[in-house]
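To start, the structure under review is shown below, and the notes come after it.
All of the numbers you see were taken from the coordinates with simple rules; none came from a lab. Keep in mind that this is a model prediction, so the values were computed, not measured. Neighbour counts are summed over all protein chains in view; Cβ atoms, including those assigned to glycine, are modelled from backbone coordinates with ideal geometry.
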């Protein structure tokens with residue numbers, strides 16, 4: 001298996017633009033997680049899905065953030081409009097039940 | 001509520017010295033614990049899981065339920081061990097049949113040549 005795949009790996013955009021991050025989980029995993037990592041705040045869980053259904057989105061910072069999982073092999077995290085404080089590394093991870101989570105390589109987002 | 005505490009933000013040791021990264025947890029059920037490692041500008045990688053009781057890259061961790069600890073140890077540090085280390089606790093999300101990880105804040109290990 002190729003592991004968790006994320007795209008793009010790097011994204012530079014201007015304030016106010018829409019940003020879409022993509023994730024393909026490991027085949028057969030039933031849970032998918034979106035995290036944000038910054039120097040100031042560390043690793044934060046934004047939202048997670050179980051069997052394609054959002055379970056807990058309490059970590060989503062505000063209405064500018066939204067996430068979808070239309071099927072078991074694809075998820076998106078969208079920021080609209082983006083702001084400089086959204087600059088961070090965004091990780092996607094997947095797991096099967098109580099097993100370990102496996103992380104993707106991350107998307108480094110810079111909002112100017 | 002579940003909680004994972006890593007008391008040291010930064011730990012510096014000399015090459016060849018023993019390493020112990022501390023992790024304490026608070027959880028009412030039977031814990032499922034993990035250690036993750038993140039090398040500079042890379043993804044978090046699973047280092048080891050307590051249930052497997054294996055040694056990875058010379059690291060071991062023993063679950064001590066009495067002290068609610070899961071410290072990570074290595075007898076002889078190597079320069080390539082320099083990284084960020086996260087302790088994590090798996091807990092079920094009530095009523096949803098799913099699980100999430102509660103992460104500690106992480107400890108940055110720096111091995112001095």
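Subtracting the Cα-Cα distance of residue B:53 and residue B:105 from their residue separation scaled by 0.36 nm leaves 16.4 nm. Ranked for footprinting exposure by Cβ neighbours inside 10 Å, fewest first, B:40, B:26, A:27 give B:40, A:27, B:26. Neighbour counting of Cβ atoms within 10 Å sorts the residues A:40, A:60, fewest neighbours leading, into A:40, A:60. Take the Cα of residue A:112, step 7 Å toward its Cβ, do the same at residue A:7, and the gap between the two points is 2.4 nm.
Ordered by the number of other Cβ atoms lying within 10 Å of each residue's own Cβ, fewest first, B:15, B:105 fall into the sequence B:15, B:105.
Return the whole-Å distance between the Cα centroid of the stretch A:1-53 and the Cα centroid of the stretch B:25-47. If we compute the Cα centre of each part, the gap is 18 Å. In this label model, residue A:87 and residue B:20 are separated by 4.1 nm, measuring between points 7 Å along each Cα→Cβ vector.
When restricted to Cα atoms, the protein assembly as shown yields an Rg and a Dmax of 17.7, 52 Å, respectively.
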